[in-house]
Every structure is written in C-alpha cells, then in structure tokens.
Amino acid sequence: MAAPLDTEQPAALSLELLPTDPLLLILSFLDYRDLVSCCYLNRRLNQLSSHDPLWKRHCKKYWLISEEEKSRQNQGWKAIFISTYADLGRYIQYYATLKKAWDDLEKYLGQWCPRMIGSLKESVKEEDLDAVEAQIHCKLPDDYRCSFRIHNGQKLVVPGLMGSMALSNHYRSEDLLDIDTAAGGFQQRPGLKQCLPLTFCIHTGLSQYMALESVEGRNKYEIFYQCPDQMARNPSAIVMFITGTSYFEWFTSYVNKVVTGGYPIIRDQIFRYVHDKDCVATTGDITVSVSTSFLPELSSVHPPHYFFTYRIRIEMSKDALPEKACQLDSRYWRITNAKGDVEEVQGPGVVGEFPIISPGRVYEYTSCTTFSTTSGYMEGYYTFHCLYYKDRFFNVTIPRFHMVCPTFKVSTA
C-alpha cells in the first residue's frame, strides 16, 4: 500500500523569526524615505530601522556629516539626520553638492587667494530668506536658498569671488551678492522685470541677473548679463547673454572650473580666462598657449560688436641650452571672422614690449580684439632673434584660437 500523504502545512515564516543581521543588511540598502516608512510597518521593523549605524550613510550622503562633526554634536546618527532634515529638508536634493562646492572653493581659496576668504559671509536663516520673498513678492528657487543657507554671498570688496578681468584701461571684478543687497537690486522695470541680481562689479556696475519668472522672453531661473539694445527706440529693449540655466548649474560649474585650475590665479585673483587644451603650439624650445574670454560689458548685439580678450603664455623649456635665449621682435596676426573676412596685422613687439625668453622663463601678456560676427579666430607667429647670434632670426607659431559669443536672446519687453 502507498504511504499516506502528509497534508500538514509548513508553519508561516514570521518576520519575528528572521535573524537580525540579514534584515539589517537589507535595510542598509534602503533610502532614508523607505527607512522611515519601515518604522510604521510593525514593532520589529521599527526597532531595526532605528539601528543607529544605518543612518550614518544617509548623514554622510545628504548632509556631509563627518565622524568629527558627530562627536561635536554628541548625538547619534539618526538624531543628527532628523534634526538636520528638520532644518534643511527642503534642500535635500541640492545640499550635499552645494556644500561640497563651497567647501572645495574655501579650501582652494585658502591656498591660492587667502584674502578672499575673509569676504565670505556666514549663512542666513530660513526666516531671512522668507522675509526677502515677502519683500520682493516673488519666490526664490530652492537651489539659491540652499546656497545661502551655507554662505550668504560676500562683502562688496575687491577682488570678487565670481572672477576678475583686466585690460590696460578696463577692470572688472564680480562679487557674489549677499541676500539683502540682492533684494535691494531686485528689478521690476520693463526689460528686467522680476530679475534678481546675483553679482555686482563695483568698477563697471555690471551684474549677472537671475529671472525669477518666465517673462519678457526669459526662461524661469535663467541667468544672464544684460546689454542695452543701442539701435532700439525703446530704452527697455535689452539683449541677454546667457550664462546659466539655473543657480545650481551656474554656481557649481563655476566652482568646478576654479578648483580644477581651469581659471588662472593672477595677483591673488581668479581670472575668467578659458584655456582650450588643444590651443598649444611648440616651435623648437618655445611653447605658446592661449586663453580667451568674452566681455559682455564692452559688447553689443545691435549694432554687432563682440569684444574678446585673450591671454598668451610664451615659455621656453627649462632644458633648453643657455645659448637658445632670444628676444621677441615682432608679431604677425591673421584674424578671420565668421563670414570668412580676413584681416592681417603686423607690428613690432607685443603690447609695447620686447620680452626676452631664456630657458625656464615664462612671459605672459593680455590683449583684445573685436568682431562684427558672433565668432572668429586668430592665428599667427612671433619673430625672434637669438641673443648669442644676433643675425639669426626665426618664427614661433601662435596656435589658432577661437572666440565665440555666448548664447543670447532679445528681451520682448
């Protein structure tokens, strides 16, 4: 006979019977939202999700809380996460990235531009930002608010945190405005309606603005330099050179450029020259590299007049023989605009100087050019003579470098 079938069902697996360690491992992969939800499912999960080490990862990921900071606060990881969330929770998608950007910037400034550190202002409180919104009758974007919960911009000093630019007769240095100064410059006039200034240059009066609403042809939270339309009869008609699509993108991309060495430090200031790594040419022992920058404050769309500055670095290899020392005699430029029109320029020296280049020595200078088109390029060569063999002349290639105006749009005011 066949053995009788065992119809007894296995006992249901209870959460209470599962071992603790595997459950904690599973919970360690959950985001903070899901971890909080587990607290409300049953008593066991409530106890497990309150396991303090589970919250260490979230404190570090979202609030950049270190072990040292935890020791100073003398609280558990979960308590720190909850208290920080109560204060900064609305900014959780921005805070870690912006805090790291500020920390990296401060560290970099401490090494290369220490006097700029003293111009940074402490953070503001939520009620300060709420008061500004009430004053201007407009909402501030959360990424902007979050940044000012970390640092309230800077004092109106020179040099400015947002970069400098200098020519022989022109100087610009932009400060990052604190919240009260920015609110005082909030615009409601036609052409700049509902625009908040982010930066200000004491010397030129130049500002970068952020649009708080989509009006007059702007996208909401777009950042731009304003330029008067000199050919329009309406004084409120302006052209906007776009510099960012949001505060978060605008600020973090600028900081990344600074801390990675993308902008040169000159006389304890950040100079906003952009260097193309391919824009380098070596002739014998001499290397020439070029960085460029667009100057909106000296440019115009109507009539078309686009102003660029460039900085050239001439360096002789330190391994060159001493008899390779030479002096620059003249320059030759071939300048081509976007239409293909060519202009040739030749003259003695550079910016009135005749620099001597010897092994290991670097010579740098700044000059400028304008185009009637939104882009163009330059290339050419320098003529040198040897100091040891004065009758020996040779040319050094200047690499082709392109200059392009930023995207711009015309206000519909």
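Worth pointing out:
- Residue match in the range 161-176 (condition: farther than 24 Å from Val274 by Cα, among the polar types (S, T, N, Q) and surrounded by fewer than 18 Cβ atoms within 10 Å (Cβ to Cβ)): no
- Helices (runs of 4 or more DSSP H) within the range 69-124 that include 3 or more residues under 30 Å from Leu156 (Cβ atoms): 95-112, 114-117
- Inspection of the range 196-219 identifies at least one residue that is out of contact with any Asp or Glu (no Cβ under 9 Å at 6 or more places or on another chain), farther than 15 Å from Val410 by Cα and not in a loop (DSSP other than H, G, I, E, B).
- Within the range 385-413, considering residues that are open to solvent by less than 30 Å² (accessible area, probe 1.4 Å) and in contact (Cβ under 8 Å) with a residue 60 or more places away in the chain, the one nearest to Ala325 (Cα to Cα): Cys386
- When the range 142-154 is limited to residues that are in contact (Cβ under 8 Å) with a residue 40 or more places away in the chain and either among the charged types (D, E, K, R) or part of a strand (DSSP E or B) (or both), the one that is farthest from Thr370 (Cα to Cα) turns out to be Arg149.
- Within the range 129-141, being assigned to a helix (DSSP H, G or I) and crowded, with 17+ Cβ neighbours inside 10 Å holds for Leu129, Val132, Ile136.
- The residue that is surrounded by the fewest Cβ atoms within 10 Å (Cβ to Cβ), counting only those in the range 301-321 that are under 22 Å from Val404 (Cβ atoms) and of a type in the set (Lys, Arg), is Arg313.
- Restricting attention to the range 275-322, the residues that are more than 29 Å from the chain's Cα centre (by Cα) and among the polar types (S, T, N, Q) add up to 3.
- Among the conditions (1) out of contact with any Pro (no Cβ under 8 Å at 6 or more places or on another chain); (2) closer than 30 Å to Ser293 by Cβ; (3) open to solvent by less than 10 Å² (accessible area, probe 1.4 Å), the only one that Asn152 does not satisfy is (3).
- Only one of the listed residues (Lys339, Lys324) is in contact (Cβ under 8 Å) with a residue 60 or more places away in the chain and either assigned by the TED database to the domain that holds Ser299 or surrounded by fewer than 16 Cβ atoms within 10 Å (Cβ to Cβ) (or both). That residue is Lys324.
- Selection count, the range 290-322, where residues are part of a strand (DSSP E or B), more than 27 Å from Ile223 (Cα to Cα) and of a type in the set (A, V, I, L, M, F, W, C): 4
- Within the range 264-311, the set of residues being over 16 Å from Ser168 (Cα atoms) and touching a helix residue (DSSP H, G or I) at 6+ places or on another chain (Cβ under 7 Å) comprises Ile265, Asp268, Ile270, Asp285.
- Of the residues examined, Leu387 is one that is hydrophobic (A, V, I, L, M, F, W, C) and over 24 Å from Val274 (Cα atoms).
- Test result for Val288, in the same structural domain as Ile312 (by the TED database), among the aliphatic types (A, V, I, L, M) and farther than 22 Å from Gly205 by Cβ: yes
- The test for being among the basic types (Lys, Arg) and touching a Gly at 6+ places or on another chain (Cβ under 9 Å) does not hold for Arg361.
- Note on the range 357-378: residues that are assigned to a strand (DSSP E or B) and either open to solvent by less than 40 Å² (accessible area, probe 1.4 Å) or among the aliphatic types (A, V, I, L, M) (or both) total 11.
- Taken over the range 54-76, the residue count meeting the criterion of being closer than 18 Å to Ile150 by Cβ and buried (at least 18 other Cβ atoms within 10 Å of the Cβ) is 4.
- Any hit, the range 206-227, residues being touching a Gly at 6+ places or on another chain (Cβ under 8 Å), modelled with pLDDT under 95 and either under 23 Å from Leu295 (Cα atoms) or open to solvent by 10 Å² or more (accessible area, probe 1.4 Å) (or both): yes
- Scope the range 155-193; condition under 17 Å from Ile270 (Cβ atoms), more than 16 Å from the chain's Cα centre (by Cα), without any contact (Cβ under 8 Å) to a residue 60 or more places away in the chain and not in a loop (DSSP other than H, G, I, E, B); matching residues: Tyr171
- Contact map, the range 34-51: first residue loosely packed, with under 13 Cβ neighbours inside 10 Å, second residue among the aromatic types (Phe, Trp, Tyr), Cβ cut-off under 8 Å, separation 6 or more or different chains; pairs are Asn46/Tyr40.
- Scanning the range 276-300 for residues that are open to solvent by 10 Å² or more (accessible area, probe 1.4 Å) and farther than 19 Å from Thr374 by Cα yields a total of 10.
- Breaking point among (1) within 30 Å of Cys368 (Cα to Cα); (2) modelled with pLDDT under 95, for Cys201: (2)
The values are calculated or read from the model by the stated rules, or taken from the named source; none is laboratory data. Predicted, not measured: the structure shown is a model, and the values here were computed from it. Positions of Cβ are generated from backbone atoms using ideal geometry, with glycine treated the same way; all protein chains shown enter the neighbour counts. Only protein heavy atoms, including side chains, enter the accessible area calculation; ligands, DNA and RNA are left aside. Shrake-Rupley method; radii C 1.70, N 1.55, O 1.52, S 1.80 Å.
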